Amino acid sequence: MILIHCPYCDEKRPEIEFANAGQAHIARPLDPSGQNDAEWEDYLFIRANPRGRHHERWRHIHGCGRFFNAVRDTVTDKFETTYKAGEPRR
Amino acid sequence: MSDNLIRHEPVSDAPFVADGVRISLAPPMQRHALRARNAEDLERLLQVKIPRQIGASEGGIMCLGPDEWLLRADVDAPIPTGDGLPVAITDVSERSICLVIEGPRASEILMAGCPLDLNQFAVGRATRTIYETVEIIILREAEDRFHVEVWRSFSEWLWTAMTTAARH
């Protein structure tokens with residue numbers, strides 16, 4: 001079982017306590033009605049899906065309940081780092 | 001909770017006893033979910049110290065997350081509602097039941113389904129975690145006594161899982 005470091009609990013916890021919540025650092029447009037269809041589609045549906053280093057949101061759902069960001073390698077499934085939501089991209 | 005209502009417990013009232021472990025249902029108690037951005041607001045309201053470290057417990061209050069606590073108290077203890085303050089105090093007394101796991105094999109029974117290393121889990125620590133597939137809250141009351149808070153609808157399954165583990 002993979003151990004994931006929760007930046008809020010500040011300890012490594014078993015992976016089954018966590019849930020993946022998709023790509024990180026996607027900001028909702030401040031003025032949604034000012035977006036055209038292509039921009040809105042881009043915000044809602046278009047994701048990076050890289051092979052390798054990927055920024056993701058994770059939630060410590062069966063623990064402290066918090067969302068945080070993680071850098072994970074999608075090939076090796078190895079977590080490079082995790083950091084609190086709101087902190088700059090690493 | 002009204003005295004006029006008949007309590008139906010989802011698990012056996014009689015404790016389960018096996019070699020080195022005893023699993024029993026804790027008496028009814030009050031549970032309140034406390035949420036606040038500043039723990040000071042809760043401290044002023046409840047007049048008790050609120051643990052700040054996630055996983056810490058003090059005076060019946062467990063710190064489950066950065067802004068979330070679980071308060072457990074006697075059924076007749078008065079709990080303020082926090083009207084007008086930037087806090088949320090929600091009565092969740094009947095949401096869960098508490099199983100008491102005690103004896104020298106207590107941590108072994110819990111680790112049969114919970115991935116945490118409870119040998120490293122200090123007395124007084126509390127955390128939300130998972131047992132097989134069921135979400136639970138573990139509180140280590142003493143070296144060989146744990147309290148396990150589990151949602152009522154999951155408790156029958158958890159009872160079966162734990163008593164099965166204890167038989168082996």
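Answer yes or no as to whether B:Ser93 is among the polar types (S, T, N, Q), under 30 Å from B:Asp19 (Cα atoms) and touching a residue at least 24 places away in the same chain (Cβ under 8 Å). When the stated conditions are applied, B:Ser93 does not pass them. Candidates are the residues of segment A:37-61 that are in contact (Cβ under 8 Å) with a residue 40 or more places away in the chain and open to solvent by less than 40 Å² (accessible area, probe 1.4 Å); the one that is nearest to the chain's Cα centre (by Cα) is A:Trp58. Tell me, yes or no, whether segment B:132-153 has at least one residue that is assigned to a helix (DSSP H, G or I) and open to solvent by 20 Å² or more (accessible area, probe 1.4 Å). Yes, some residue in segment B:132-153 is assigned to a helix (DSSP H, G or I) and open to solvent by 20 Å² or more (accessible area, probe 1.4 Å). From the list B:Ile23, B:Ile61, B:Ile101, B:Ile54, which residue is closer than 26 Å to A:His62 by Cβ and out of contact with any Ser or Thr (no Cβ under 9 Å at 6 or more places or on another chain)? Exactly one of B:Ile23, B:Ile61, B:Ile101, B:Ile54 is closer than 26 Å to A:His62 by Cβ and out of contact with any Ser or Thr (no Cβ under 9 Å at 6 or more places or on another chain), namely B:Ile61.
Among the residues making up segment A:62-74, those that are within 14 Å of chain B (Cβ to nearest Cβ) and either more than 23 Å from B:Cys63 (Cβ to Cβ) or buried (at least 18 other Cβ atoms within 10 Å of the Cβ) (or both) are A:His62, A:Gly63, A:Cys64, A:Arg66, A:Phe68. Per the conditions (1) in contact with a Phe, Trp or Tyr (Cβ under 6 Å, 6 or more places away or on another chain); (2) within 14 Å of another protein chain (Cβ to nearest Cβ), the sole criterion not satisfied by A:Arg57 is (2). Within the bounds of segment B:96-110, is there any residue that is closer than 25 Å to A:Glu15 by Cβ, touching a helix residue (DSSP H, G or I) at 6+ places or on another chain (Cβ under 7 Å) and without any contact (Cβ under 8 Å) to a residue 60 or more places away in the chain? Yes, the conditions are met somewhere in segment B:96-110. For segment B:43-94, the candidate set comprises residues that are under 23 Å from A:Glu11 (Cα atoms) and exposed (fewer than 13 other Cβ atoms within 10 Å of the Cβ); within that set, the residue that is nearest to the other protein chains (Cβ to nearest Cβ) is B:Gln53. Within the option set A:Thr74, A:Thr82, being closer than 30 Å to B:Trp69 by Cβ and among the β-branched types (Val, Ile, Thr) holds for one residue only, A:Thr82. Restricting attention to segment B:115-137, the residues being more than 18 Å from B:Gly59 (Cα to Cα) and more than 8 Å from chain A (Cβ to nearest Cβ) number 10. Scanning segment A:1-30 for residues that are away from every other protein chain (no Cβ under 13 Å) and touching a residue at least 60 places away in the same chain (Cβ under 8 Å), we see that the one that is most open to solvent (accessible area, probe 1.4 Å) is A:His25. For segment B:114-121, indicate whether the set of residues that are crowded, with 16+ Cβ neighbours inside 10 Å, aromatic (Phe, Trp, Tyr) and within 13 Å of the chain's Cα centre (by Cα) is non-empty. Checking segment B:114-121: not a single residue is crowded, with 16+ Cβ neighbours inside 10 Å, aromatic (Phe, Trp, Tyr) and within 13 Å of the chain's Cα centre (by Cα).
The values are calculated or read from the model by the stated rules, or taken from the named source; none is laboratory data. Just so it is clear, the model here is predicted, and its values are computed rather than measured. Cβ coordinates were reconstructed from backbone atoms using ideal geometry, including for glycine residues, and neighbour counts include every protein chain displayed. The area values use the complete protein model at the heavy-atom level, side chains included, leaving out ligands, DNA and RNA. Shrake-Rupley method; radii C 1.70, N 1.55, O 1.52, S 1.80 Å.
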